[in-house]
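Down below is the structure, laid out as structure tokens.
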Amino acid sequence: MIAITEKEFLQLSQLIEQQFGIHLKKEKKSLVMGRLHHILQEKGFKNFSQYYEYVVNDKTGAAKTELVNRITTNHTFFLREKDHFDFLYNHVLPHFAENKRHEPIKIWSAGCSSGEEPYTLAMVIRDFVNNNKVNLNSKILATDISEKVLSKAIAGVYQGESVANLPAMWKLSYFTKMDKDTFKVNDDIKASITFNKFNLMDEFPFRSKFHVIFCRNVMIYFNSDTRARLLKKFYDALVDGGYLFIGKSESILKNEAGFKYVIPSIYRKI
């Protein structure tokens, strides 16, 4: 395996943080070596300096896309941190169903990875509508920086650990069973979600505001300044009274960006 020097790691880590907001600590040196080793071999590069020059000089953007696809970790599953979805069902959806009857509820799954989160959101909303006999329109935007995981999300085919927590009724109602352990999301659920590639470091292009933003286990990869800037953008992208859901291992400092603490890992714009 081609070794990476301290200088080379610093160059690459600075590029990754500048472009994608991801802060790589020194302990991640071996991870970077392992995940990029095959690219260096395929391209015939003798060291990471040559690879770095290739990435920064590539005008197509393909090299940076491949870099972020290799570096990012995308481990998720359906109903991860289930109490978030329980809170959505029991508190958030009833509130907006009552007060926003004539406009769709807009939800953003920011950092959607391979799609389990936005599909879970769609199924929770479908359950809420069916169980409460309400007319609730919704629009779900799901974005990620990695084209690799977005392609899996759009395909909507899952198996193994990913589907282990799925309720039996969801498997029957919202999926088509392909074989013993493989399930495909039905087209009517897919139709409620728009998948797009998006870098959270870019300026937000949205014309209207969201009622709910899920951005879970994403900001753990950012430094404090990057996180603060992103929280401000999330705050501005929410309607008054809108909710922000973050990961259980994440938190927002008191009054940071104007959010009000609701319960652990759930905040509100007041």
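Each value in this text was obtained by applying a stated rule to the coordinates, not by laboratory testing. Just so it is clear, the structure is predicted and the values come from calculations on it, not from any experiment. Every residue, glycine among them, receives a Cβ derived from its backbone with ideal geometry; neighbour counts consider all protein chains shown.
Quick rundown of the values:
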quantity	calculated
Size of the stretch 229-270 as Cα extents on the principal axes (Å, biggest first)	24, 20, 16
Linear extension gain, HIS38 paired with LEU253, 0.36 nm per residue minus alpha-carbon span	73.3 nm
Under 5 Å, built H, 5+ apart or other chain: amide partners of PHE210	LEU238, VAL239
Cα centroid separation, the stretch 141-173 to the stretch 79-116 (Å)	17
Beta bridges by DSSP in the chain, antiparallel share as percent, to the nearest 5	40
Under-5 Å amide H pairs with ALA142, H placed in peptide plane, nonlocal only	SER109, THR194, PHE195, ASN196
Low-density loop cleavage sites - GluC sites (Glu not before Pro) in the stretch 164-270, where at most 12 other Cβ are within 10 Å (DSSP)	GLU203
For the stretch 7-110, alpha-carbon Rg relative to the globular expectation (2.2 N^0.38 Å, N residues)	1.60
Length-normalised contact order of the stretch 7-138 in % [C-alpha pairs under 8 Å, at least 6 apart]	21
Integer Hz, Karplus 6.51/-1.76/1.60 couplings in order for the stretch 29-45, x for Gly and Pro	4, 5, 4, 4, 4, x, 7, 9, 3, 5, 5, 4, 5, 4, 8, x, 7
The stretch 153-257: mean projected area of Cα convex hull, nm²	8.7
Relative compactness, the chain, computed as alpha-carbon Rg over 2.2 N^0.38 Å	1.08
Members of LYS209/LYS254; LYS64/LYS232; LYS209/LYS232; LYS25/LYS248; LYS29/LYS248; LYS233/LYS260 lying beyond 18 Å, as alpha-carbon distances in this model show	LYS209/LYS254; LYS64/LYS232; LYS25/LYS248; LYS29/LYS248
From phi via Karplus (6.51, -1.76, 1.60), per-residue ³J(HN,Hα) for the stretch 127-136 in Hz, x at Gly/Pro	4, 4, 5, 5, 6, 9, 6, 10, 9, 10
PHE175 long-range amide H proximity, modeled H, under 5 Å	ASN186
Per DSSP, loop trypsin sites (Lys or Arg not before Pro) in the stretch 60-129 with at most 14 further Cβ within 10 Å	ARG101
Karplus 3J(HN,Hα) series, Hz, for the stretch 184-193 with 6.51 cos²θ - 1.76 cosθ + 1.60 (x for Gly, Pro)	10, 5, 5, 4, 5, 6, 4, 5, 8, 10
